[in-house]
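So the structure is just underneath, and the comments pick up after that.
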Amino acid sequence: MIATISGCCLSSASSNLVASETTTSVEHGIVDVFVPQQDGYPAIRIPSIVTTQQGTLLAFAEGRQGGDHSENDLIMKRSTDNGATWSEVIVLNDQGKLSLNNPQAVVLASGRVLVMYQRSKLGERNASDGHGPDSFFTFIQTSDDDGLGWSEPRDVSKQVKREQDVTSVAAGPGIGIILHHGPRKGRIIMPFNQGPFNNWQVYAAYSDDNGHTWQMGDVAPGDGKGHGNEVQMVELSGGRVMLNARAQGAGSTKHRKIAISEDAGQTWSPLEIDEQLIDPTCQAAILRYSWPTEGTSRLLFSNPATQSKRENGVLRISYDEGQTWPKQVEVYPNGFAYSCLTRLQDERIGVLFERDGYKTISFTAIPLDALEPTASKPQPTSNGKEAN
């Protein structure tokens, strides 16, 4: 279908760094974006959000009839006022008695918006390997008019899923990235994990021709302490890429797993634990906010910052390419699960997140000053690097 919509109202840090974090509480408004029942589905989960080149916010999710692999549709809403109000639901793809999962969006240099997602049979966590009718499929859809109209779904399954011994595959969920530096500048990277269930591995699918064709990088080597599952990626200096993954399975700890790619997502260092980033076994979000050439290097990270429950949503900031995360601000103190981050045109940080036991997917916009009050802002030196 072609959809249209009209608007309406790097190594693990030691534990002493965790103790030195500064947490800020700040008042910020919360807007409910996707509301189950009200928006036509018994459940709505798995947020993805991007800011277009025109400043429009596009929020994606799964409109569910039940759980993870129920009769799920790919749905979307738009906002043209930095998240204050949102359009009605638009259904981008409805495959009937099949399940659509794991929306992952990215804005290309041309302004085109690309969203990638999977299709599987109902209730299917482990399908057959190969590329037959009982396997997992991956589709992309694109928009060239700020999310108003969308292309027909295009099947790219054979380009992003290995043929043998892979019985499940999932993008993100969250966002993809475009490399801004290094020899692979312009490359689109979409984070992926693959099964069998309970034996996951993480890798990157990437495109060097604006999403027309795709290739797969190697899986990140394991560390013997569980597996990397749902994953996001962020560009570091010089075109390096860092992955940040949910840790799951026997032997995993309640921390995030990270790895580094020196070749734009083709190979990875072994997974390792980031002891600063505690996690209750959940998806998380990571985003490049600014580069050293803009005065200050900033990475942002959001997740439920506990080791027991999906609650206490926080937004953290790093000035040293993710080696330390010295400051954080509370996003939502109660139930907080999956989240996604975007930089708004007014420079605030947009957070789209599941809250209160998946009752809604909500949005809030947090000023950068909430994370770094004037007195504590890093001071750039003449060479563009922060002073110690």
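None of the figures in this text is laboratory data; all of them are computed from the coordinates on show. Here the structure is a predicted model, which is why all the values come from computation and not from measurement. Note: ideal-geometry Cβ built from the backbone for every residue, glycine included; neighbour counts use all protein chains shown.
Kindly write out, for segment 313-326 in residue order, the coupling ³J(HN,Hα) from the Karplus curve 6.51 cos²θ - 1.76 cosθ + 1.60 (θ = phi - 60°), rounded to whole Hz, with x marking Gly and Pro.
Coupling constants for segment 313-326: x, 10, 10, 10, 10, 10, 9, 10, 6, x, 6, 9, 10, x Hz.
Let me check against my output: what whole-number percent is the relative contact order of segment 316-376, with C-alpha pairs under 8 Å and at least 6 apart?
Values: 86 pairs, mean separation 16.0, N = 61.
Relative contact order comes out at 26 percent.
What is the gain in length, in nm to one decimal, between H131 and H180 on full extension, counting 0.36 nm per residue of separation less the C-alpha to C-alpha distance?
Details: separation 49, 0.36 × 49 = 17.64 nm, distance 3.32 nm.
Stretched out fully, the H131 to H180 stretch lengthens by 14.3 nm.
As a test of the formula, what do you get for the chain when each DSSP H run with n ≥ 4 contributes -39,500 (n - 2.57) and the sum is divided by the residue count, at 222 nm and rounded to the nearest 500 deg cm²/dmol? Please report the intermediate quantities before stating the final value.
Details: 3 runs with 12 residues, N = 388.
That comes out to -500 deg cm²/dmol.
Once the piece of chain linking E294 and Q54 is laid out straight, how much longer is it, given 0.36 nm per residue of separation minus the C-alpha distance between them?
Here the segment from E294 to Q54 would lengthen by 84.3 nm.
Please order K161, K257 by the number of other Cβ within 10 Å, starting at the fewest. Mind showing how you got there, number by number?
On the way: K161 22, K257 30.
Result, fewest neighbours first: K161, K257.
Can you tell me, using C-alpha contacts under 8 Å and at least 6 residues apart, the relative contact order of segment 16-370 as a whole percent? Intermediate results must be reported in sequence, preceding the final value.
Numbers: 1056 pairs, mean separation 53.4, N = 355.
Computed over segment 16-370, the figure is 15 percent.
Remind me, relative contact order of segment 256-352 in percent, using alpha carbon pairs under 8 angstrom and six or more residues apart? Walk me through the numbers on the way to the answer.
Working: 202 pairs, mean separation 20.1, N = 97.
After rounding, I find 21 percent.
Taking the Cα centre of the chain as the origin, how large is its charge dipole in debye, to the nearest 20, when only Lys and Arg (+1) and Asp and Glu (-1) carry charge on their Cβ atoms? All intermediate terms of the calculation are to be shown ahead of the outcome.
Details: 34 positive and 45 negative charges, 65 e Å.
Taking the Cα centre of the chain as origin, the dipole is about 320 debye.
Any of K97/K121; K77/K359; K225/K257; K225/K327; K225/K254 with alpha carbons more than 19 Å apart? Name them for me. Can you show the working numbers first?
Values: K97/K121 8 Å; K77/K359 17 Å; K225/K257 10 Å; K225/K327 28 Å; K225/K254 11 Å.
In this structure, K225/K327 exceed 19 Å between Cα atoms.
Please list, in chain and number order, the residues 5+ apart from H180 or on another chain whose amide H is under 5 Å from its amide H, with Hs placed from the backbone.
So H180 has HN proximity to G186.
If you take mean projected area of the Cα convex hull in nm² from the coordinates, which of (i) 17.5; (ii) 20.0; (iii) 23.3 do you get?
Evaluating mean projected area of the Cα convex hull in nm² on these atoms matches (i).
Could you tell me which of I30, Y203, V156 has its Cα farthest along the dipole of the chain towards the positive end, charges placed at Cβ (Lys, Arg +1; Asp, Glu -1), taken about the Cα centre?
Comparing the listed Cα positions along the dipole, Y203 ranks first.
Please rank M242, M233, M216, M190, fewest neighbouring Cβ atoms within 10 Å first, as an exposure proxy. Could you put the intermediate results ahead of the total?
Working: M242 22, M233 25, M216 17, M190 28.
Going from sparsest to densest Cβ surroundings: M216, M242, M233, M190.
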